[in-house]
Structures are given as structure tokens and as C-alpha cells.
1. Work out how much length residue 112 to residue 4 would gain on full extension: take 0.36 nm times their residue separation and subtract the Cα-Cα distance, in nm to one decimal.
2. Given (i) 2, 10, 17, 18, 20, 17, 11, 5, 1, 0; (ii) 2, 10, 19, 21, 17, 11, 9, 6, 4, 2, 0, 0; (iii) 2, 10, 20, 24, 20, 14, 6, 3, 1, 0, 0 as candidate values of P(r) over Cα pairs in 5 Å bins from 0, in percent, which corresponds to the one derived from the coordinates?
3. Using modelled backbone amide H atoms (1.01 Å from N, in-plane), which distant-in-sequence or interchain residues come within less than 5 Å of residue 105's amide H?
4. Residues of region 8-51 with backbone nitrogen within less than 13 Å of a virtual label 7 Å along the Cα-to-Cβ line of residue 85, please, listed as ranges.
5. Helix 29-41 against the longest principal axis of the chain: what's the angle in degrees, Cα atoms only, rounded to the nearest 10?
6. Can you tell me the dipole magnitude for region 1-105 around its Cα centre, using point charges on the Cβ only (Lys, Arg +1; Asp, Glu -1), in Debye to the nearest 20?
7. Going 7 Å from the Cα of residue 45 toward and past its Cβ, which residues in region 2-18 have a backbone nitrogen under 11 Å from where you end up?
8. Suppose all protein chains stay in the model; what accessible area per residue would a 1.4 Å probe give for the chain, in Å²?
Amino acid sequence: GRRFLAQREPKLVENPRTALLARGQKSSAVVNELLTDLFCLKKPHAKHFRRHNAVHPWEDATPLEFLCQKNDASLFGFGTHSKKRPHNLVLGRCFDHRILDMYEFGVEASAAMAGFARGAGGGA
């Protein structure tokens, strides 16, 4: 009722955007590592699906929109791997639980955050 409508009305300060990170039916270790790093960067406001999902964002976006609506996510990352498109990453935004735009990236090289030394410190 009223409480639900009060949560949905415009606010002076909006809630932070939640990101949904998921794997496709087939995904490579490079893409999985990249999705895990993106999850670590966005951690308090992110959901990471570790299981494979039968979603094809460019053919039919309805299952992806459903996942975003179910998890209240306005950002998403989707990783796949195929012979035609190796190490593929799709990043996108949603508005009103509908896909607003999507960008497709081919990952050629990636360095995991876990591979960097923790005590290195950087700087002078």
C-alpha cells in the first residue's frame, strides 16, 4: 500500500545503484575473473551470480530485465565466451527495470586484483 508507494516516489537523495553481475551459458576463466573483480569494486551494492544463466542479451533481453527487476539492480554486467566472440563482456544500464543501453566489450588481456601485492603501497 502506502509504504510501498512512498518507497517508489522520487527522493531528494537517491539510493545507490546496485549492479548485477552474471555469467552466460559458457564463460571463460578470464571473464569469470573480471566479473569477480568488478564485484569486489562495487561490493556493498552488487549481486554476483556464480551459476551459469541461459540469457542472450542481444537476442532477447526479457530474462535479463527480469533478473534486474528481481534483484532491484539498475546496472548489469554479463560475461560469455564463444568461438565467434571470445571473452565477451556486456555492460549495461536499466531504467524502470527496462534496459536503457548495453555495451559489448571483447577482453583481450586482464590482470586480477588478487595478483597485485597487498603490501606494495605505491607512492614515494
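The values are calculated or read from the model by the stated rules, or taken from the named source; none is laboratory data. None of the values given here were measured: they were computed from a predicted structure. For neighbour counting, all protein chains shown are included, and Cβ atoms are generated from backbone atoms with ideal geometry for every residue, glycine included. Side chains included, ligands, DNA and RNA excluded: accessible areas come from the protein's heavy atoms. Shrake-Rupley method; radii C 1.70, N 1.55, O 1.52, S 1.80 Å.
1. Numbers: separation 108, 0.36 × 108 = 38.88 nm, distance 4.06 nm.
Gain in length upon complete extension: 34.8 nm.
2. After the calculation, the listed value that fits is (ii).
3. 89, 90, 91
4. Correct set: 24-27.
5. 50 degrees
6. On the way: 18 positive and 11 negative charges, 68 e Å.
Taking the Cα centre of region 1-105 as origin, the dipole is about 320 debye.
7. Taking a point 7 Å out along Cα→Cβ of residue 45, the residues of region 2-18 whose backbone N falls under 11 Å are 14-18.
8. Working: 9140 Å² over 124 residues.
With all protein chains present, the chain gives 74 Å² per residue.
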